[in-house]
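Engineer: Sending over a structure as structure tokens; questions will come in a sec.
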Amino acid sequence: MTILAEAMPNMFRHAGEWDGIYRHVASDGTLLDEHRTWTRCEFPASGPHAYVQHNRLTWPDGRTLERTLCSTFRDGMLHCDTDRVRGYVWESREGTVMMRLDYKLEPGLWFIEMISLSDDGQFRARTWQWFKDGAPLKRTLCDERRVA
């Protein structure tokens, strides 16, 4: 844990629960989808994972989707590898958390996520830049507030 804290000190400020809205936007600016998100970020003191993220997505029509993303720490970054995605997370010199995820079931589809935290740690803005076969596809914009 100490090595992770030294390599990614700002990442620990994301621990806790977050509530927000995801907006998926096409390259031309058209709104493709909008739904609520609840996210819990945790750093287990023991076990195989250095970071665990729980997500619950809820659409206005009542549909829900829950996913968990577990990461290990090596080479100064968090690494995740699930049945759906493979990727890594790092922190910029300025403390912005960055993530790249590649979709295993859809070759050529990937995104880079940038997560910026407010100075007081109560709000965060997440921006995903999606690419398909090397070309920009869409953006995901997420505004969240800390709830626990």
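Engineer: Suppose the filter is touching a strand residue (DSSP E or B) at 6+ places or on another chain (Cβ under 9 Å), of a type in the set (Asp, Glu), modelled with pLDDT under 95 and farther than 14 Å from residue 22 by Cα; does residue 83 pass it?
Structural biologist: no
Engineer: Still on this model: Taking the conditions exactly as written (under 19 Å from residue 121 (Cα atoms) and either over 14 Å from the mean Cα position of the chain (by Cα) or surrounded by 11 or more Cβ atoms within 10 Å (Cβ to Cβ) (or both)), does residue 73 satisfy them or not?
Structural biologist: No, not satisfied.
Engineer: Given the options 106, 66, name the one that is open to solvent by 80 Å² or more (accessible area, probe 1.4 Å), part of a strand (DSSP E or B) and not basic (Lys, Arg).
Structural biologist: 66
Engineer: Any residue that is over 17 Å from residue 5 (Cα atoms), of a type outside the set (A, V, I, L, M), within 16 Å of the chain's Cα centre (by Cα) and open to solvent by 50 Å² or more (accessible area, probe 1.4 Å) - is there at least one of those in region 94-101?
Structural biologist: Yes.
Engineer: Filter region 111-130 for residues that are hydrophobic (A, V, I, L, M, F, W, C) and open to solvent by less than 50 Å² (accessible area, probe 1.4 Å); which is farthest from residue 34 (Cα to Cα)?
Structural biologist: Going through the qualifying residues, I end up with 117.
Engineer: For region 16-28, give me each residue that is open to solvent by 40 Å² or more (accessible area, probe 1.4 Å) and touching a strand residue (DSSP E or B) at 6+ places or on another chain (Cβ under 9 Å).
Structural biologist: 17, 23, 27
Engineer: Let me ask you something else. Go through region 51-72 and count every residue that is hydrophobic (A, V, I, L, M, F, W, C), in contact with a His (Cβ under 9 Å, 6 or more places away or on another chain) and either modelled with pLDDT under 95 or within 21 Å of residue 116 (Cα to Cα) (or both).
Structural biologist: The qualifying residues number 3.
Engineer: May I ask you to say which residue of 67, 36, 40, 56 is among the basic types (Lys, Arg) and in contact (Cβ under 8 Å) with a residue 24 or more places away in the chain?
Structural biologist: The conditions single out 40.
The values are calculated or read from the model by the stated rules, or taken from the named source; none is laboratory data. Here the structure is a predicted model, which means the values were calculated and not measured. Cβ sites come from the backbone with ideal geometry, for glycine too, and all protein chains shown count toward neighbours. The accessibility values were calculated without ligands, DNA or RNA, using every heavy atom of the protein model including side chains. Shrake-Rupley method; radii C 1.70, N 1.55, O 1.52, S 1.80 Å.
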